[in-house]
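The structure under discussion appears below in the form of structure tokens.
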Amino acid sequence: MADETTEIRNNARLAILELANMISVPMSLNAIVRLKVPDAIWQSGSNVPLSASEILARALPTGDPENLQRILRMLTTYDVFSEHIADGSSERKYSLTEIGKTLVTDGEGLSYAAYVLQHHQDALMKAWPILHEAVVDPKEEPFVKANGEPAYSYYGDKSEMNELMQKAMSGVSVPFMKAILEGYNGFKGVERLVDVGGSAGDCLRMILHKHPHVREGINFDLPEVVAKAPNIPGVTHVGGDMFESIPAGDAIFMKWVLTTWTDDECKLIMRNCYEALPPGGKMIACEPVLPKESDRSHRTRALLEGDIFVMAIYRAKGKHRTEEEFKQLGLASGFPHFRAFYIDQFYTVLEFQK
Ligand SMILES: C[S@@+](CC[C@H](N)C(=O)[O-])C[C@H]1O[C@@H](n2cnc3c(N)ncnc32)[C@H](O)[C@@H]1O
């Protein structure tokens, strides 16, 4: 090609090599979580830069410091660690960046580490090499083709997968709920609140703590999920299937549920919510909402990457949606009023009112 040696062409070759090797990034992230590297660096709470050998001494009885250092060095380029090389020394030391700190276990035993582990379990990983099958035949998702059954029923049989899922959801939801409880006041006047797909009940626990007028919380999820949920004062765990019926409440909260399902399934869930609400009652959904136009921002990438995760694992035609698409789902399910609140970078609060 005539422009084979131009800078543009060189940059393109570099960019495609970076993309082709991209699997090294999530797998290295998974490796440092499995090795508990973030907790090892943070052990004293001081985030003092440590060499790979020093980190290893805290994390494992034995291991190969050079290989750990190679993983840390690469993740430094994605801003998970900061690299420190003292003048005149060849030794590299690593501390945690703000991104790295999201993987450190907090006082409540939570972090984003469980989410990283949850996404890279064997059964989920088996779906990725056949992602193209979602284009060839969207009736069956790659996860089902790889494992023989849908993800939620697959988790249901395996207590360690269910527990990891709950821990992952808690780790992601708790920081988000802190943000929305600061910036959103739509729970006014609600006394009985139902959380549909509420997992371990963390969202309700936090809402009840912030709004004591919500006297009763109903945490509604699959029977095998609520069976493992902890006791929370004011919260009743109810097992069931949201596609059949949803317990009645003054308002319904639902976070990170609609995204997983097809348009027809969302309409069924939302119609069941409509039935469970009094006139004027609100369904408050928190979901990733796509921008109309795609761009290269971290936000858009995180949202679009999550969209492909849903395609591979949950529903080939489940998806991340735009605000307009959510509004149309609401109208089709009977909700005449709709408002969106952009409080958090990842989740948008969507109010559907009966
Ligand atoms: C992505 S998780 C979100 C959990 C929680 N709302 C949060 O944001 O942390 C989706 C939840 O939907 C629940 N779920 C899946 N199918 C369901 C069904 N048919 N009926 C009720 N809940 C269901 C799952 O068990 C899971 O807890």
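The values are calculated or read from the model by the stated rules, or taken from the named source; none is laboratory data. What you see is a predicted model; the values in this text were computed from it and never measured. In this analysis, Cβ positions are derived from the backbone assuming ideal geometry, glycine residues included, and neighbour counts consider all displayed protein chains. Heads up: the accessible areas ignore ligands, DNA and RNA and are worked out on the full protein's heavy atoms, side chains in. Shrake-Rupley method; radii C 1.70, N 1.55, O 1.52, S 1.80 Å.
Over all directions, how big on average is the projection of the convex hull of the alpha-carbon atoms in the range 97-177, in square nanometres?
On the way: hull surface 27.0 nm².
Mean shadow area of the hull around the Cα atoms is 6.8 nm².
Mean projected area of the Cα convex hull of the chain, taken over all directions, amounts to 21.8 nm².
Sequence-distant contacts, meaning Cα pairs under 8 Å at least 6 residues apart, place the relative contact order of the chain at 12 percent.
Expressed as a fraction of 2.2 N^0.38 Å, the C-alpha radius of gyration for the range 65-109 is 1.30. Would you mind checking the pairs Lys282/Lys317; Lys36/Lys317; Lys139/Lys255; Lys101/Lys327 and listing those with alpha carbons more than 28 angstrom apart? The pairs that break the limit, which is 28 Å between Cα atoms, are Lys36/Lys317; Lys101/Lys327.
Return the ratio Rg/(2.2 N^0.38 Å) for the range 238-354, where Rg is computed over Cα atoms only.
Values: Rg = 14.0 Å, N = 117, 2.2 N^0.38 = 13.4 Å.
The range 238-354 yields a ratio of 1.04.
Distance cut-off 21 Å, Cα to Cα: go down the list Lys126/Lys158; Lys228/Lys354; Lys167/Lys319; Lys188/Lys210 and report the pairs above it. Check vs 21 Å cut-off fails for Lys228/Lys354; Lys167/Lys319. Once the gyration tensor of the Cα atoms in the range 118-257 is diagonalised, the equivalent ellipsoid follows with semi-axes of 31, 15, 15 Å, ordered largest first. In the range 1-113 the Cα-Cα distances spread across 5 Å bins starting at 0 as 2, 11, 19, 21, 15, 10, 8, 5, 4, 2, 1, 0 percent of all pairs.
Chymotrypsin sites (Phe, Trp or Tyr not before Pro) within the range 272-354: which are DSSP loop residues with at most 13 other Cβ atoms inside 10 Å? All intermediate terms of the calculation are to be shown ahead of the outcome.
Values: sites: Tyr274, Phe309, Tyr314, Phe326, Phe338, Phe341, Tyr342, Phe346, Tyr347, Phe352; in loops: Tyr314, Tyr342, Phe346.
For chymotrypsin sites (Phe, Trp or Tyr not before Pro) across the range 272-354 that sit outside H, G, I, E and B with at most 13 neighbouring Cβ atoms in 10 Å, the list reads Tyr342.
A simple count of charges around Glu91, restricted to other residues whose Cβ falls under 15 Å of its Cβ and scoring Lys, Arg +1 and Asp, Glu -1, yields 0. Taking the charge dipole of the range 113-353 about its Cα centre, with +1 at Lys and Arg Cβ atoms and -1 at Asp and Glu Cβ atoms, the residue from Thr236, Ala332, Cys286 reaching farthest to the positive side is Cys286. For the chain, adding -39500 (n - 2.57) for each run of n ≥ 4 DSSP H residues and dividing by the number of residues yields -13000 deg cm²/dmol at 222 nm.
Given +1 at the Cβ of Lys and Arg, -1 at the Cβ of Asp and Glu and no other charges, the dipole of the range 7-101 around its Cα centre is 240 debye to the nearest 20. Between the amide H of Ala251 and those of Arg192, Val194, distances stay under 5 Å, these residues lying 5 or more places away or on another chain, with hydrogens modeled in the peptide plane.
Only protein heavy atoms count here; under a 1.4 Å probe, Trp256 has an accessible surface of about 50 Å². Heavy-atom accessible area with a 1.4 Å probe sorts Asp79, Asp39, largest first, into Asp79, Asp39. Other residues whose C-beta falls under 13 angstrom from the C-beta of Ala168 contribute a net charge of -2, scoring Lys and Arg +1 and Asp and Glu -1.
Computed from Cα positions, the angle between helix 65-76 and the longest principal axis of the chain comes to roughly 60 degrees.
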